[in-house]
Every structure is written in structure tokens, then in C-alpha cells.
Amino acid sequence: MNKNKILSKERQDDLTSMDAFNLMVEGNLRYIDAQSEGIDLSSLRNDSVNGQNPHSIVLSCIDSRVVVEQVFDQALGDIFVARVAGNFANTDIVASMEYACAVAGSKLIIVLGHEACGAVKAACDKVELGNITSLLSNITPAVDQVKGSVSSPHDSSNTTFVNAAIEENVNQTIDQIRSTSPILKELEDKGQIQFKGGVYKLASGKVEWI
């Protein structure tokens, strides 16, 4: 794919959901190897004025160490990105995914957690602070789910427990998106889109797929 030309509608239509996933996997490998492709941003900006046709949408945490477009070596116009602390899905994010896939034609939904997630750690520690308390309630079900399979302590001092909660939070988020969006579920059932979950490793830059 020519990264100095905006993704066209025709090219987007030709891509399958597996093609989109392969583009993300290959991009992450380039990022890990510090072989990201050169991009002519001015050309892409000009080409994108009249529209966009991203092949994927990624739900990520707000963590400043996880720059989604760089992690997957994707250019302007290639992907939608939704971000919220703890990468959980609410009504607005699910609606954004419906727009991305049902209206704009994206083929892939990725929920991307990351190593040492502060939001998950805070949920493990039952932090209560302003509106953060409400935000963490979206992550608590994942934390509670893994308590039976990971030995104590069940707080952020236990890296094994935190890592299990991070992965479970990704899985539960994907399940929630499916259950709350008949539109996306139907597109998935028809094979027009697919869901993938991953966890980003801070030191290596690798996305480990779940």
C-alpha cells in the first residue's frame, strides 16, 4: 500500500477484514524494528481534504506512551482512533465504531490494552477520586473476574494480577461492543468486519494479540 497516497474508497472496498489486520500486524513489526515507512504528510493532507476511508478503528488507552498511529505505522487517513483511560467502551465509543464500520467502511475493530496500565492499576486498588471513580467502574468487572484465577494480593503490587486484569478488560470490552451494537454484530456475522484484541508491550513496542 502506498503510504504517500490517501487510502481510496476503491482500495478500502477491496480490503477484507483479514487484509486490514495484516496491515496492522505488518506495521507493528516495522515499528518494533524501527523501520517505519517515510510519509509525505503534505501530500496526504492535500489528498484527504475531500474525504477519508480508514481501513480500521482502534480503541486505545490515553497513555502517552502508546501512540497508536506510530505503534501500527499507519499514515494520515489510514485508521480511526478512539481513546479513553482504560480502553473501555461506552455508548459514545460504540457509536463511533458504528460510524467507522457501517458508514465509513472500516473493516477491523481493535481493542488495544497496554502493559502497566494506570487505569487498570487504579481499578485494582479501588481508587476513589472525583470522576475517576465512575470511570474505573467500567474496568472493575474485569478486575473482579480474574481474582479467582490469580493468587493474592489482588492489588497493583501484584504484576501478574494486573496483567491478567489488563487482558480480561480487553476481552470484556470486545464482548460488550458485540452485545451493545446489533449493527456491528451483524457486520461481524456477515464476515464484513472482525474484532481483534491486543496488549501493547512498553519496552519492545510489540502488540501481543489475544
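Bear in mind these aren't lab numbers, they're just calculated from the coordinates by the rules spelled out. Owing to the predicted nature of the structure, the values given are computational and were not obtained by experimental measurement. With ideal geometry, Cβ positions are generated from the backbone for all residues, glycine too; neighbour counts draw on all protein chains shown.
Scan the range 144-166 for residues that are touching a residue at least 24 places away in the same chain (Cβ under 8 Å), out of contact with any His (no Cβ under 7 Å at 6 or more places or on another chain) and in a helix (DSSP H, G or I) and jot them down.
145, 162, 163, 165, 166
I'd like to check something: does the range 185-206 contain any residue that is crowded, with 18+ Cβ neighbours inside 10 Å, free of Cβ contacts under 8 Å to residues at least 12 places away in the same chain and within 20 Å of residue 93 (Cβ to Cβ)?
For the range 185-206, residues crowded, with 18+ Cβ neighbours inside 10 Å, free of Cβ contacts under 8 Å to residues at least 12 places away in the same chain and within 20 Å of residue 93 (Cβ to Cβ): present.
Scan the range 3-28 for residues that are more than 13 Å from residue 74 (Cβ to Cβ) and free of Cβ contacts under 8 Å to residues at least 24 places away in the same chain and report the count.
2
Any residue in the range 143-163 that is within 24 Å of residue 194 (Cβ to Cβ), within 16 Å of the chain's Cα centre (by Cα) and not small (Gly, Ala, Ser)? Steps first, please.
Initial filter on the range 143-163 (within 24 Å of residue 194 (Cβ to Cβ)): 145.
If we keep only those that are within 16 Å of the chain's Cα centre (by Cα) too, we end up with none.
Scanning the range 143-163 turns up no residue that is within 24 Å of residue 194 (Cβ to Cβ), within 16 Å of the chain's Cα centre (by Cα) and not small (Gly, Ala, Ser).
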